[in-house]
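Novice: This is the structure, below, for whatever I ask next.
The values are calculated or read from the model by the stated rules, or taken from the named source; none is laboratory data. Note that the coordinates shown come from a computational prediction; the quantities given were computed from them, not determined experimentally. With ideal geometry, Cβ positions are generated from the backbone for all residues, glycine too; neighbour counts draw on all protein chains shown.
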Amino acid sequence: MKILVTGGSGFIGSHVVDVLLTSGHEVLIYDLEEPRYKQNCGFVKANVNDLDKLTSTSKNFDFIYHMAAEANVNRFYQNPLHSNYNTANSTLSVLECARKNNISRVMLSSTEWIYGSIEGDENQSITEETPYAQNPDHLYTSSKISAELFCKNYKTLYDVNFTIMRYGIPFGERARPETVTPIFISRILKNEEITIHGDGSQTRQFVYVRDLAEGNAACLKPEAENQIFNINGREKISVLQIVKTLEEIIGKKAKIKFIEDRRGNYKGRFISSEKAEKLLGWKPKYSYREAMERYVKNFINWNS
Ligand SMILES: NC(=O)c1ccc[n+]([C@@H]2O[C@H](COP(=O)([O-])OP(=O)(O)OC[C@H]3O[C@@H](n4cnc5c(N)ncnc54)[C@H](O)[C@@H]3O)[C@@H](O)[C@H]2O)c1
């Protein structure tokens, strides 16, 4: 199939492109940034919001993965107009282009953030049926909820098909250096201090980026049409567990400094990806520990 990937030069997008190419698809990356990795696919350097360019480029394509967005929530906070333009507005542009070109389906990268701070009964899992955050406390959340709603509107009003993929917290090769896992790895390697808010018992659900990319590809199946899927890891990992796992893999003790807890540093409810397993046969291939072993090994190779 012919697949266009907006944001295909980015962290997650580059892995999705790898998996799509391995599966034999013809892939075109559409991004503002040049691809950083050698991949046997086409590339167009352009803005998703340039509807004419996007429409002429995607003629005769079957699927569009819309992964381009402002994914860094701090940058979103600093520059809300521009970030929303690249996140919610860009989704409208992709949907309009899909309508004009009769694209079979738009595959939207979304996030677990749309559930909000997910407080409440910790024993109850979050599923795709769990409602959107009623009072989103971040612009990124509101922008991603808008993007999802635009997909639903385009289905109802213009019969444009979609699949929404809600990712957990990705980690692994090619991650931005300012995210928690690469920071911890590099500080332990350099004997530098790690700062932990609160007592480190707060948990998050991480998903290994290679598993996440496979999950994205699984969503091409017809069963995923006009459906929403959580694509997440299966373990809740506390901050202290991240450090302990890294200490064991690297073989070095971390220097930890505990500081005051962040406001609203919730413990985290479990997000279930059971629907993706049942309907698409996708589940993470690697345990957290196995994924981390692979990542640390590659991290050390690339940084030495
Ligand atoms: N990284 C995470 O923690 C995370 C978690 C959940 C969901 N997501 C979502 O997954 C997707 C990919 O995230 P990522 O971490 O790979 O981000 P990234 O920043 O690494 O990649 C995003 C890419 O989109 C491109 N881009 C942005 N605006 C564009 C525009 N208007 N036109 C063309 N290209 C544009 C950028 O140049 C970049 O290459 C995003 O939609 C993000 O919101 C990310």
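Novice: Specify which of the listed residues (Glu148, Glu178) is more than 20 Å from Leu95 (Cβ to Cβ) and of a type in the set (Asp, Glu). Break it down into steps so the answer makes sense when it comes.
Specialist: Values: Glu148 fails: more than 20 Å from Leu95 (Cβ to Cβ).
Matching residue, one of Glu148, Glu178: Glu178.
Novice: Of everything in the stretch 93-117, what is within 14 Å of the ligand (Cβ to nearest atom) and farther than 15 Å from Tyr65 by Cα? Give them in sequence order.
Specialist: Of everything in the stretch 93-117, those that are within 14 Å of the ligand (Cβ to nearest atom) and farther than 15 Å from Tyr65 by Cα turn out to be Glu112, Trp113, Ile114, Tyr115.
Novice: Determine whether the stretch 55-70 contains at least one residue that is out of contact with any strand residue (DSSP E or B) (no Cβ under 6 Å at 6 or more places or on another chain), more than 21 Å from Asn161 (Cα to Cα), near the ligand (Cβ under 9 Å from one of its atoms) and in a helix (DSSP H, G or I).
Specialist: The initial filter retains those residues of the stretch 55-70 that are out of contact with any strand residue (DSSP E or B) (no Cβ under 6 Å at 6 or more places or on another chain), namely 55-56, 59-60, 69-70.
Subset that is more than 21 Å from Asn161 (Cα to Cα): 70.
Within this subset, residues satisfying the condition of being near the ligand (Cβ under 9 Å from one of its atoms) are 70.
So of that shortlist, the ones also in a helix (DSSP H, G or I) come out as none.
Within the stretch 55-70, not a single residue is out of contact with any strand residue (DSSP E or B) (no Cβ under 6 Å at 6 or more places or on another chain), more than 21 Å from Asn161 (Cα to Cα), near the ligand (Cβ under 9 Å from one of its atoms) and in a helix (DSSP H, G or I).
Novice: Within the stretch 137-149, does at least one residue satisfy the condition of being within 15 Å of the ligand (Cβ to nearest atom), closer than 22 Å to Tyr85 by Cα, at pLDDT below 95 and not aliphatic (A, V, I, L, M)? Walk me through it before giving the result.
Specialist: Narrowing the stretch 137-149 to residues within 15 Å of the ligand (Cβ to nearest atom): 138-148.
Next, only the ones that are closer than 22 Å to Tyr85 by Cα stay: 138-148.
Now restrict to residues that are at pLDDT below 95: 138.
Then drop every residue that is not not aliphatic (A, V, I, L, M), which leaves 138.
Within the stretch 137-149, one or more residues are within 15 Å of the ligand (Cβ to nearest atom), closer than 22 Å to Tyr85 by Cα, at pLDDT below 95 and not aliphatic (A, V, I, L, M).
Novice: Moving on. Report the residue count in the stretch 37-54 for those that are within 9 Å of the ligand (Cβ to nearest atom) and over 23 Å from Ile164 (Cα atoms).
Specialist: Matching residues across the stretch 37-54 total 2.
Novice: Another one. Give Ser238, Ser186 a once-over and let me know the one that is within 26 Å of Gly116 (Cα to Cα) and among the small types (Gly, Ala, Ser).
Specialist: So the residue among Ser238, Ser186 that is within 26 Å of Gly116 (Cα to Cα) and among the small types (Gly, Ala, Ser) is Ser238.
Novice: Could I ask something else about it? Enumerate the pairs (first residue in the stretch 67-87 and without any contact (Cβ under 8 Å) to a residue 12 or more places away in the chain; second residue anywhere and more than 6 Å from the ligand (Cβ to nearest atom)) with beta-carbon separation below 8 Å, excluding pairs fewer than 6 apart on the same chain, so at least 6 apart or on different chains.
Specialist: Arg75/Ser83; Asn79/Glu70
Rundown of residues vs (1) among the charged types (D, E, K, R); (2) more than 20 Å from Cys219 (Cα to Cα), yes/no style:
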{"residue": "Phe43", "(1), (2)": "no, yes"}
{"residue": "Asp50", "(1), (2)": "yes, yes"}
{"residue": "Ser56", "(1), (2)": "no, yes"}
{"residue": "Ala88", "(1), (2)": "no, yes"}
{"residue": "Ser93", "(1), (2)": "no, yes"}
{"residue": "Ile103", "(1), (2)": "no, no"}
{"residue": "Ser109", "(1), (2)": "no, no"}
{"residue": "Ser125", "(1), (2)": "no, yes"}
{"residue": "Glu128", "(1), (2)": "yes, no"}
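Novice: Count, please, the residues in the stretch 1-15 that happen to be in contact (Cβ under 8 Å) with a residue 40 or more places away in the chain and near the ligand (Cβ under 6 Å from one of its atoms).
Specialist: 6
Novice: Also, I was wondering about something else. If only one of Thr179, Thr195, Thr245 is free of Cβ contacts under 8 Å to residues at least 60 places away in the same chain, surrounded by fewer than 16 Cβ atoms within 10 Å (Cβ to Cβ) and hydroxyl-bearing (Ser, Thr, Tyr), which one is it?
Specialist: That would be Thr179, the only listed residue that is free of Cβ contacts under 8 Å to residues at least 60 places away in the same chain, surrounded by fewer than 16 Cβ atoms within 10 Å (Cβ to Cβ) and hydroxyl-bearing (Ser, Thr, Tyr).
Novice: State which residue is modelled with the highest pLDDT when the search covers only the stretch 1-46 and only residues that are in contact with a Ser or Thr (Cβ under 6 Å, 6 or more places away or on another chain) and farther than 17 Å from Ser90 by Cβ.
Specialist: In this case the residue turns out to be Pro35.
Novice: Residues of the stretch 165-197 being aliphatic (A, V, I, L, M) and away from the ligand (no atom under 11 Å from the Cβ), which ones?
Specialist: Of all residues in the stretch 165-197, those aliphatic (A, V, I, L, M) come to 165, 169, 175, 180, 183, 185, 188-189, 194, 196.
Scanning the stretch 165-197 gives Ile183, Ile185, Ile188, Leu189, Ile194, Ile196.
Novice: Can you work out which of the residues in the stretch 209-242 that are among the basic types (Lys, Arg) and touching a residue at least 40 places away in the same chain (Cβ under 8 Å) is surrounded by the fewest Cβ atoms within 10 Å (Cβ to Cβ)?
Specialist: Our first condition is that a residue be among the basic types (Lys, Arg); within the stretch 209-242, this holds for 210, 221, 234, 236.
Imposing the further condition that a residue be touching a residue at least 40 places away in the same chain (Cβ under 8 Å) reduces the set to 210, 221, 234.
Details: Arg210: 20, Lys221: 14, Arg234: 18.
So, considering only residues that are among the basic types (Lys, Arg) and touching a residue at least 40 places away in the same chain (Cβ under 8 Å), the one surrounded by the fewest Cβ atoms within 10 Å (Cβ to Cβ) is Lys221.
Novice: Quick one: which of Ala175, Ala218 is closer than 20 Å to Trp282 by Cβ and of a type in the set (Gly, Ala, Ser)?
Specialist: The conditions single out Ala218.
Novice: Got a number for residues in the stretch 17-36 being outside any helix (DSSP H, G or I), away from the ligand (no atom under 14 Å from the Cβ) and either surrounded by 24 or more Cβ atoms within 10 Å (Cβ to Cβ) or not polar (S, T, N, Q) (or both)?
Specialist: Selection size over the stretch 17-36: 4.
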